[in-house]
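A short reminder: the numbers here are calculations on the coordinates, not readings from a lab. A quick note: this is a predicted structure, and the numbers were derived from the prediction, not measured. Cβ coordinates were reconstructed from backbone atoms using ideal geometry, including for glycine residues, and neighbour counts include every protein chain displayed.
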Amino acid sequence: MKVSGFTFIRNAVKYDYPIVESIRSILPIVDEFIILLGQSEDNTKALIESIESPKIKIFPSIWDDSLRKGGRVLALETDKAFRQISLDSDWAFYLQADEVIHEKYWPTIQKAMADNIDNKEVDGLLFKYIHFYGSYNFVGDSRKWYRQEIRIIRNDKEIQSYRDAQGFRKNNKKLKVKAIDAYVYHYGWVKSPELQQAKHNYFPTLYSGEKATKKQSYTKDSFDYSKIDSLATFDESHPSIMQERIASKNWDFDFDPTQKNFNLKTRVLNTIEKWMNYRVAEYKNFQLIKKD
């Protein structure tokens, strides 16, 4: 079984993406790692090269910044990275630049790939998500956070990234996937308030229409993490590859997890979800194959 990792990145230093930790978090369980390196205004290339692994293959890319409808440029860069994967790979493991895998899930992930390698009905594997917010001590626990995404796909070139690299589809149809008991640790909302603000000033420029207008909401110098509906305390371990980054954290954020800022509708829906482990009207960009 051959497995390829792949991702795309641009301005990782400028916006403080944990791209090195992301890559290293699965490097031991892939045979190669494809990195599509967009034109950057910082030393992102040197940062990637500092990993010094023979598994890493870097390909330069020029982003088409005119493709702003729905953030389409992000999906295009994902597809370009996917096309660089070796033809003899069986699986492609996709991580975005702020996503990290805990090493405790390696055996589960490897077993799932091995168990399904000959089952051509399975297009991919579905991961659960933990979304950190404000600091490494809190996670989002409301309906605003997506719970699952496809992060391993079969090396089938008919599969393409969907919308703004939100997921994948095959011939514009939802992929058939199996859910595995493994989490993606999403750190996109954990960085200094200044850098978080800079990211939010920039990110809407990748979109046109409704999302682009949100740039007007991000005009301050420092992001206000307190404007959140609900958080829970995270008291488990982080991936070992994240320990140095966590230790270097240089800002403070505290939150009272008992504080809930929900309207009545959201409060009712959250209660249903907690009781039944079912999310009403949840968006699912996949077809889930039931366990054998």
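Rounded, prolate or oblate: which fits the range 236-288, taking a ≥ b ≥ c as square roots of the Cα gyration tensor eigenvalues, rounded meaning a/c under 1.5, else prolate when a/b beats b/c?
oblate
Which lysines have a Cα lying under 19 Å from the Cα of Lys260, excluding residues fewer than 8 positions away in the same chain?
Cross-link targets: Lys144, Lys227, Lys274.
Can you tell me which aspartates and glutamates have their Cα less than 12 Å from the Cα of Lys178? Leave out same-chain residues fewer than eight positions away.
Reachable aspartates and glutamates: Asp115, Glu121, Asp123, Glu149, Asp292.
Which FRET efficiency value, to the nearest 0.05, do you get for Tyr183 and Leu87 by plugging their Cβ-Cβ distance into 1/(1 + (r/R0)^6) with R0 = 22 Å?
Efficiency, rounded to the nearest 0.05: 0.15.
Whole-Hz Karplus ³J(HN,Hα) for the range 271-277, in order, using 6.51 cos²θ - 1.76 cosθ + 1.60 and θ = phi - 60°, x for Gly and Pro?
For the range 271-277, the Karplus curve yields 5, 4, 5, 5, 6, 10, 6 Hz.
For Glu149, enumerate residues with amide H under 5 Å from its amide H, sequence gap 5+ or separate chain, H modeled in the peptide plane.
It is Phe127, by chain and number.
Could you work out how far apart the two model spin labels at Lys111 and Ser222 are, taking each label as a point 7 Å from the Cα in the direction of the beta carbon, and quote it in nm?
Modelled inter-label distance: 4.7 nm.
Let me have the relative contact order for the range 117-170, percent, based on Cα pairs under 8 Å that are six or more residues apart.
32
State the extension gain, in nm to one decimal, for the chain segment bounded by Phe262 and Arg163, taking 0.36 nm per residue of separation less the distance between their alpha-carbons.
32.8 nm
In deg cm²/dmol, rounded to 500, what helix-only [θ] at 222 nm does the chain give when every DSSP H run of at least 4 residues adds -39500 (n - 2.57) and the total is split over its residues?
Mean residue ellipticity, 222 nm, calculated: -6500 deg cm²/dmol.
Using a Förster distance of 30 Å, how high is the FRET efficiency between Glu194 and Ser240, based on the Cβ-Cβ distance and rounded to 0.05?
E between Glu194 and Ser240, to the nearest 0.05, is 0.65.
Using a Gaussian network for the chain with springs between C-alpha atoms less than 10 Å apart, which of these wobbles most: Ser142, Ser89, Ser53?
Maximum fluctuation in the GNM of the chain, among the listed residues, is at Ser53.
Starting at the first residue of the range 36-42, write each ³J(HN,Hα) from the Karplus equation 6.51 cos²θ - 1.76 cosθ + 1.60 with θ = phi - 60°, in whole Hz, x for Gly and Pro.
8, 9, x, 4, 10, 9, 9
Could you list which residues have their amide H under 5 Å from that of Phe138, counting only those 5 or more apart in sequence or on another chain, with H placed in the peptide plane?
Tyr133, Phe234
Counting only DSSP beta bridges with both residues in the range 143-292, tell me the antiparallel percent, nearest 5.
75
Ordered by residue, what ³J(HN,Hα) values in Hz, to whole numbers, does the range 176-192 give under the Karplus form 6.51 cos²θ - 1.76 cosθ + 1.60, where θ = phi - 60° and Gly and Pro are x?
Result, rounded to whole Hz: 8, 10, 10, 7, 10, 8, 8, 10, 9, 8, 9, 10, x, 9, 10, 6, 4.
Taking 0.36 nm per residue of sequence separation and subtracting the Cα-Cα distance, how much length would be gained by fully extending the chain between Lys284 and Leu47, in nm to one decimal?
Net length gain for the segment: 81.8 nm.
What's the center-to-center distance, using Cα atoms, between the range 28-46 and the range 241-292 in Å?
Their Cα centres are 30 Å away from one another.
Name the shape class, rounded, prolate or oblate, that the alpha-carbon gyration tensor gives for the range 152-283, where a ≥ b ≥ c are the square roots of its eigenvalues, rounded holds for a/c under 1.5, and otherwise prolate holds if a/b is larger than b/c and oblate otherwise.
It is rounded, given that a/c, with a ≥ b ≥ c, falls under 1.5.
Between their Cα atoms, which of Lys2/Lys176; Lys45/Lys80; Lys80/Lys291; Lys128/Lys199 are more than 27 Å away from each other?
Lys80/Lys291
Could you pull out the longest piece of the chain with no exposed loop GluC sites (Glu not before Pro) in it, calling a site exposed if DSSP puts it outside H, G, I, E, B and it has at most 15 other Cβ atoms within 10 Å?
Formally, the longest exposed-site-free interval is 159-235.
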